[in-house]
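Down below is the structure, laid out as structure tokens.
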Amino acid sequence: MPQAPIDVYSWPTPNGHKIHIMLEECGLPYRAHPVNIGKGDQFEPAFLRISPNNKIPAITDPEGPDGKPISLFESGAILVYLAGKTGQFLPEGDRARYEVLQWLMFQMGGVGPMLGQAHHFRLYAPEKIPYAIERYSNEARRLYGVIDRQLANHAFIAGESYSIADIAIFPWLRNWEGQGIVLDEFPHLKKWFEGIAARPAVQRGVKVLADLRRPITDDKAREMLFGKTQYERR
């Protein structure tokens, strides 16, 4: 019997791309539903029911554990879930598994938030604040350095096998220029990055919903993403 498709509620951002890539890599059937975060779709009651933190991505799998439907939010949790569902990109052995999970947490707790702040203050903030730009640009370079050192001795982020750690980190590095990074300064990372970018499933994943995204130029989109609407109690 064909597997029922997973419903993915997403937008073409690094966190969205993680899940698009993972689904493509795993060969799972899915339907991508755009959640236009510039228009405020993330605050709609229907979306909040599956993503109470009003962030993309979220999924609904009609064939979850025990054959029952399940909805999940938070991209790291979704990656772990899909890896468990398919038996792919997360090792079964305890030692190797924890190696991958620590680098996944490194992305969730460090790479994503810090590079997100670098993007914000370098590209989107209405006021150019030198202290903030310097702080987060320096942190971006530090994180790239951590990854480069790890890749000096390993083919992939968590060792010698491609994993959800690579899938999680790669999309956040695609806008390296906007983060103030010179990629040639990180040769091991650059080699890894180019290898990941060449994977057919990755190329398909980053195209999902990509034609819908537009530059953030209007005041309404800025307010939805960065203004008081974000902080309203729901």
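Can you run phi through the Karplus equation (6.51, -1.76, 1.60; θ = phi - 60°) for the stretch 189-201 and list ³J(HN,Hα) in whole Hz, with x for Gly and Pro?
5, 4, 4, 4, 4, 5, x, 5, 4, 7, 5, x, 5
Which one, GLN102, ALA77, PRO126, projects farthest toward the positive side of the charge dipole computed for the stretch 38-189 from Cβ point charges (K/R +1, D/E -1)?
PRO126
When the chain is fully extended, how far beyond the present Cα-Cα distance does THR86 get from HIS120, taking 0.36 nm per residue of separation?
Extending this stretch completely gives an extra 8.7 nm.
What ranking of ARG149, ARG233 comes out by heavy-atom accessible area, probe 1.4 Å, highest first?
These residues rank, largest area first, as ARG233, ARG149.
Tell me whether the stretch 127-172 comes out rounded, prolate or oblate; compute the Cα gyration tensor, take square roots of the eigenvalues as a ≥ b ≥ c, and use a/c under 1.5 as the rounded threshold.
Verdict is oblate for the stretch 127-172.
Considering the chain, what Rg and Dmax in Å follow from its alpha-carbon atoms?
In Å, with Rg to one decimal and Dmax whole: 17.9, 58.
Summing +1 for each Lys or Arg and -1 for each Asp or Glu, what net charge is found among the other residues whose Cβ lies under 13 Å from the Cβ of LEU104?
Every neighbour counted, the sum reads -1.
How much solvent-accessible surface does MET108 expose, in Å² to the nearest 10, with a 1.4 Å probe and all protein chains in place?
In the full protein context, MET108 sits at about 50 Å².
Under a plain spin-label model, where a point goes 7 Å from the Cα along Cα-to-Cβ, how far apart in nm are LYS39 and ARG174?
Label at LYS39, label at ARG174, 2.1 nm between them.
Rolling a 1.4 angstrom probe over the protein heavy atoms, how many square angstrom per residue are accessible across the stretch 62-109?
Normalised by residue count, the accessible surface of the stretch 62-109 is 58 Å².
How would MET105, MET22 line up by accessible area, probe 1.4 Å, largest first?
Accessible-area ranking of MET105, MET22, largest first: MET105, MET22.
Applying 1/(1 + (r/R0)^6) with R0 = 22 Å to the Cβ-Cβ distance of ALA77 and ASP211, what FRET efficiency is obtained, to the nearest 0.05?
0.20
By its C-alpha gyration tensor, with a ≥ b ≥ c as the square roots of the eigenvalues, how is the stretch 128-228 shaped: rounded for a/c under 1.5, else prolate for a/b larger than b/c, else oblate?
oblate
Please go through the residue pairs LYS55/LYS128; LYS39/LYS128; LYS55/LYS207; LYS39/LYS190; LYS128/LYS191 and name each one whose alpha carbons sit more than 30 Å apart in this structure.
Over 30 Å apart, Cα to Cα: LYS39/LYS190; LYS128/LYS191.
Assign one of three labels to the stretch 48-146, namely rounded, prolate or oblate, based on the Cα gyration tensor with a ≥ b ≥ c the square roots of its eigenvalues; rounded applies when a/c is under 1.5, prolate when it is not and a/b is larger than b/c, and oblate otherwise.
Cα axes put the stretch 48-146 in the oblate bin.
The values are calculated or read from the model by the stated rules, or taken from the named source; none is laboratory data. What you are looking at is a predicted structure, and each value in this text was computed from that prediction instead of being measured. Cβ: placed from backbone, ideal geometry, glycine included. Neighbour counts: every protein chain shown. Protein only, heavy atoms only, side chains kept; ligands, DNA and RNA dropped before computing areas. Shrake-Rupley method; radii C 1.70, N 1.55, O 1.52, S 1.80 Å.
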